[in-house]
Amino acid sequence: MAFLFLMLMELQGKRIILGVSASIAAYKAPMIVRELIKQGAEVRVVMTPSAEKFVSRTVLMNLSKNPVPMDMFEDDIQDGGSWHIHLAHWCDVMLIAPCSATTLARLAMGFYDTALSIIACALPKDIPLLIAPAMDSDMWEHPAVQRNIQTLIQDGSIIIPPAIGELASGIFGPGRLPDIDVLLAHCSHILSGSEVSIQRAAAPSEIEIHEEIPQRLSLYGKHVLITAGPTFERIDDVRFIGNFSSGKMGFALARQCAKQGALVTLITGPVSLKTPEGAIQRIDVESAHEMHDAVMKHQSKQDIIIMSAAIADFTPDKRHEGKIKKGDSDSMSVMLKKTTDILSELGKIKSHNQILIGFALESHNAMEYGKKKIAEKNCDLMIVNLANKIDSGFGGDNNTISIIDRVGGIKEFPTMTKDACAEAIIEQVLIFGDQS
Ligand code: CTP
């Protein structure tokens with residue numbers, strides 16, 4: 001399944017600072033500026049003095065139609081003083097591409113002796129800093145570089161992992177600047193909504209980038225939509241009909257997909273879970289109706305959709321304003337109506353290169369119902385789990401799953417943590433994607 005380059009509406013009208021540092025991939029910087037402008041963004045460029053060895057400052061000035069600061073004290077950029085603060089406050093996102101090992105170290109250690117590093121430091125807390133390191137494999141794998149990467153993740157920067165391939169040195173390995181469409185997709189993803197999680201000063205990262213890189217990131221640049229958690233259907237202003245889903249399975253899937261390089265849209269019902277780290281846009285919803293609208297808004301650009309949420313099948317016919325009083329009657333009834341089956345809708349409109357995965361939570365005849373659901377809802381894979389078994393289904397940290405594919409294959413797994421289940425599910429998705 002090829003990664004399609006789409007018009008990225010999220011970049012339209014956005015203000016982007018491109019930081020360019022001294023990696024051989026800096027020669028691609030003019031193409032990055034041109035593509036961002038083509039997508040409707042306004043671009044300002046800053047570069048480190050040594051980046052000029054690899055790319056012309058004049059070309060970058062001409063393309064961005066603005067001065068390209070290198071040194072903090074240049075006369076024509078002073079803008080009445082505090083130019084770095086003004087520029088940092090001007091932008092919606094800063095992308096450093098390529099980011100050399102030395103610039104990574106400057107940013108991690110807090111050496112603000114170049115125009116580029118001082119602007120990165122001056123960014124307001126809610127402005128994302130995306131960093132695309134590019135260097136030779138041995139440099140990338142050096143412990144000091146990996147330490148700096150971890151420091152920057154902890155400080156809230158978003159690292160776009162380097163691609164694997166042939167490098168300028170002739171060596172094959174991790175270190176290439178990702179393709180421009182992947183860089184743009186990361187910018188677009190982070191700008192695509194106010195719900196995007198930007199975790200500056202977050203807790204120490206769980207992402208072990210150093211261990212990830214020797215293998216190919218299997219979902220690199222793919223768009224994955226995941227639903228998670230329960231939905232709450234309001235009866236009145238203080239009561240609702242809900243279920244016991246904790247959201248842990250969906251969040252584990254989001255975490256694993258982001259680790260594998262995917263751009264994740266996580267649509268979740270009410271849960272008390274922290275958004276996993278990585279390129280994850282989180283959208284919080286409450287009801288089946290809101291989940292339907294959010295899924296439909298985002299579904300068309302997805303390569304993979306995983307519907308792990310426990311969405312209510314019924315919702316109150318009408319919602320009462322205020323609180324319903326107990327009154328004198330010994331009973332009360334609430335009329336319910338069916339919600340829209342989101343997965344079935346997705347099955348009807350899905351494109352041939354989209355992979356659709358459903359979950360079936362069953363209390364009995366699990367496989368039989370699972371097979372029926374995969375056919376009826378036109379899914380590619382159905383994850384069956386049992387509602388009435390210890391270590392399975394809602395709430396806990398473990399799950400016991402079986403995966404049915406659309407051609408009748410069944411894989412059963414032992415009880416595992418939800419993270420391990422997520423890994424197993426992604427592996428099956430990739431196998432299915434390769435076969436189709
Ligand atoms: N689902 C959905 N929209 C709904 C209800 C369910 O998209 N309104 C999705 C769930 O996210 C899950 C799949 O449908 O991926 C199966 O949900 P499940 O509750 O197991 O089955 P139902 O089709 O709702 O049928 P039943 O409750 O009768 O088992």
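Just name the residue that is modelled with the lowest pLDDT out of those in segment 275-294 that are within 14 Å of the chain's Cα centre (by Cα) and either closer than 19 Å to residue 394 by Cβ or among the polar types (S, T, N, Q) (or both).
Step by step, filter segment 275-294, then rank; the result is 281.
Return the total of residues in segment 299-312 being under 19 Å from residue 230 (Cα atoms) and either among the basic types (Lys, Arg) or surrounded by fewer than 21 Cβ atoms within 10 Å (Cβ to Cβ) (or both).
0
Residue by residue through segment 88-107, note down the ones that are open to solvent by 10 Å² or more (accessible area, probe 1.4 Å), touching a Leu at 6+ places or on another chain (Cβ under 7 Å) and closer than 21 Å to residue 24 by Cα.
Across segment 88-107, the qualifying residue is only 107.
Counting only residues that are away from the ligand (no atom under 15 Å from the Cβ) and touching a residue at least 40 places away in the same chain (Cβ under 8 Å), give me the strands (runs of 3 or more DSSP E) lying completely in segment 262-326 with at least 2 of them.
Of the strands (runs of 3 or more DSSP E) lying wholly inside segment 262-326, those with at least 2 residues that are away from the ligand (no atom under 15 Å from the Cβ) and touching a residue at least 40 places away in the same chain (Cβ under 8 Å) span 263-268, 280-284.
Considering only segment 375-392, I want to know if a residue exists there that is open to solvent by less than 80 Å² (accessible area, probe 1.4 Å), away from the ligand (no atom under 15 Å from the Cβ) and free of Cβ contacts under 8 Å to residues at least 24 places away in the same chain.
The answer is no; no qualifying residue exists.
Which residue, of 397, 405, is at negative phi and buried (at least 18 other Cβ atoms within 10 Å of the Cβ)?
Only one candidate qualifies: 405.
Report, by residue number, each residue of segment 260-286 that is open to solvent by less than 20 Å² (accessible area, probe 1.4 Å) and either under 12 Å from residue 230 (Cβ atoms) or not assigned by TED's automatic domain parsing to the domain that holds residue 341 (or both).
268, 269, 285
Quick check, is residue 137 modelled with pLDDT of 95 or more and not hydrophobic (A, V, I, L, M, F, W, C)?
no
From 372, 348, which residue is surrounded by fewer than 18 Cβ atoms within 10 Å (Cβ to Cβ) and within 26 Å of the chain's Cα centre (by Cα)?
The match here is 348.
Out of all the residues in segment 218-236, which are open to solvent by 20 Å² or more (accessible area, probe 1.4 Å) and touching a Phe, Trp or Tyr at 6+ places or on another chain (Cβ under 6 Å)?
Correct list: 232, 234.
Within the group 256, 299, which residue is more than 19 Å from residue 421 (Cα to Cα) and either in the same structural domain as residue 421 (by TED's automatic domain parsing) or touching a Cys at 6+ places or on another chain (Cβ under 8 Å) (or both)?
Answer to the check: 299.
The values are calculated or read from the model by the stated rules, or taken from the named source; none is laboratory data. Given the structure is predicted, the values throughout are model-derived calculations rather than measurements. All Cβ positions, glycine included, derive from the backbone under ideal geometry; neighbour counts span all protein chains shown. The area values use the complete protein model at the heavy-atom level, side chains included, leaving out ligands, DNA and RNA. Shrake-Rupley method; radii C 1.70, N 1.55, O 1.52, S 1.80 Å.
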